[in-house]
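Some notes on the structure that comes next.
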């Protein structure tokens with residue numbers, strides 16, 4: 001799902017950490033290609049919303065929300081914590 005404004009970001013956050021139906025784990029993508037966990041976006045929500053609102057490519061402007069189906073090695077670029085996947089196990 002593309003995120004072009006703060007309303008879309010809020011909608012994605014209200015949907016929760018897991019996609020419905022199916023309960024698949026989700027993550028956010030920034031304009032510079034970084035990956036952010038659901039928790040990281042909540043933790044830095046003020047900065048993320050400011051960057052989206054003002055179209056600032058500073059590493060915090062979230063542009064998308066996606067499901068991690070099979071990447072067992074996907075880590076949040078802010079926290080360094082592994083983002084769980086639906087089907088792959090971390091090796």
Quiz item: Rounded, prolate or oblate: which one fits the range 38-90, using the alpha carbon gyration tensor with axes a ≥ b ≥ c (rounded when a/c is under 1.5, else prolate when a/b beats b/c, else oblate)?
Solution: prolate
Quiz item: Exposure proxy check: 35, 48 ranked by fewest other beta carbons within 10 Å?
Solution: 35, 48
Practice problem: Treating the angle as unsigned and between 0 and 90°, give the value, to the nearest 10°, between the Cα long axis of helix 6-15 and the longest Cα principal axis of the chain. | Solution: 30
Quiz item: Using the beta-carbon distance between residue 17 and residue 53 and R0 = 22 Å, what value does 1/(1 + (r/R0)^6) give for FRET efficiency, to the nearest 0.05?
Solution: 0.40
Quiz item: When the helices in the chain are scored as -39500 (n - 2.57) per DSSP H run of 4 or longer and the sum is shared across all residues, what 222 nm value do you end up with, to the nearest 500 deg cm²/dmol?
Solution: -7500 deg cm²/dmol
Quiz item: Sorting 67, 52, 81 on the 10 Å Cβ count, fewest up front, what's the list?
Solution: 81, 67, 52
Self-check item: Computed Rg/Rh of the range 6-67, alpha carbon atoms with Kirkwood Rh
Solution: 0.95
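Only the coordinates and a few stated rules stand behind these numbers; no lab work does. Computed from a prediction, not measured in an experiment: that's the story for all the values here. Heads up, the Cβs are rebuilt from the backbone with ideal geometry, glycines too, and the neighbour counts pull from every protein chain shown.
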